[in-house]
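The values are calculated or read from the model by the stated rules, or taken from the named source; none is laboratory data. Just so it is clear, the structure is predicted and the values come from calculations on it, not from any experiment. Ideal geometry is used to build each Cβ from the backbone, glycine not excepted, and the neighbour counts take in all protein chains shown. Just so you know, the surface numbers come from the protein's heavy atoms only, side chains and all, with ligands and any DNA or RNA stripped out. Shrake-Rupley method; radii C 1.70, N 1.55, O 1.52, S 1.80 Å.
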Amino acid sequence: QVQLVESGGGLVQPGGSLRLSCAASGFTFSSYGMGWYRQAPGKQRELVAAATSGGSRTYEDSVKGRFTISRDNAKNMVYLQMNSLKPEDTAVYYCNANIVNPWRRYDYWGQGTQVTVSS
């Protein structure tokens, strides 16, 4: 029932921009924290950006000033605007929804979308 569907990935040149979208369904979107994670070859999956249900936003240090996470609770959508892309940003990007209810954390994941930054 829970679905997270990413879109917007692709091939982009260094310095370019992409906007990732995540369409959520099957849960009470506004009650969940939302995030974008990425996993590059040979690397652990890492949190890139997060937007809590309360509206705060956090970023991994390497993307601060370049990436912006936003959410639209009315549309059950979360976005990741990625600017000034670097080859090091190449990864599969995953949409995540999470909640603690009441003491156990639940995580839901999309299938991912490939972002490749290359000339």
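Can you find a residue that is under 18 Å from VAL12 (Cβ atoms), touching a helix residue (DSSP H, G or I) at 6+ places or on another chain (Cβ under 9 Å), outside any loop (DSSP other than H, G, I, E, B) and β-branched (Val, Ile, Thr) anywhere in the stretch 56-66?
Taking every residue of the stretch 56-66 in turn, at least one turns out to be under 18 Å from VAL12 (Cβ atoms), touching a helix residue (DSSP H, G or I) at 6+ places or on another chain (Cβ under 9 Å), outside any loop (DSSP other than H, G, I, E, B) and β-branched (Val, Ile, Thr).
Mind checking which residues of the stretch 4-25 are on the phi > 0 side of the Ramachandran plot and either part of a strand (DSSP E or B) or open to solvent by less than 40 Å² (accessible area, probe 1.4 Å) (or both)?
GLY8, GLY10, listed by residue number.
Any residue at all in the stretch 30-47 that is at pLDDT 95 or above, farther than 14 Å from VAL115 by Cβ, under 11 Å from the mean Cα position of the chain (by Cα) and open to solvent by 40 Å² or more (accessible area, probe 1.4 Å)?
yes
Out of THR90, THR68, THR113, report the one residue that is within 15 Å of the chain's Cα centre (by Cα) and free of Cβ contacts under 8 Å to residues at least 40 places away in the same chain.
THR68
Within the stretch 96-119, which residues are open to solvent by 30 Å² or more (accessible area, probe 1.4 Å), of a type outside the set (D, E, K, R) and within 14 Å of GLY33 (Cα to Cα)?
ASN98, ILE99, VAL100, ASN101, TYR106, TYR108, TRP109
Do you know which of the residues in the stretch 52-95 that are open to solvent by 60 Å² or more (accessible area, probe 1.4 Å) and charged (D, E, K, R) is nearest to LEU18 (Cα to Cα)?
Once the filter is applied, the top-ranked residue is LYS86.
List the residue pairs whose Cβ atoms are under 7 Å apart, where the first residue sits in the stretch 6-27 and is in contact (Cβ under 8 Å) with a residue 40 or more places away in the chain, the second is charged (D, E, K, R) and open to solvent by 40 Å² or more (accessible area, probe 1.4 Å), and the two are 6 or more positions apart or on different chains.
Qualifying pairs under 7 Å: GLY8/ARG19; PRO14/LYS86.
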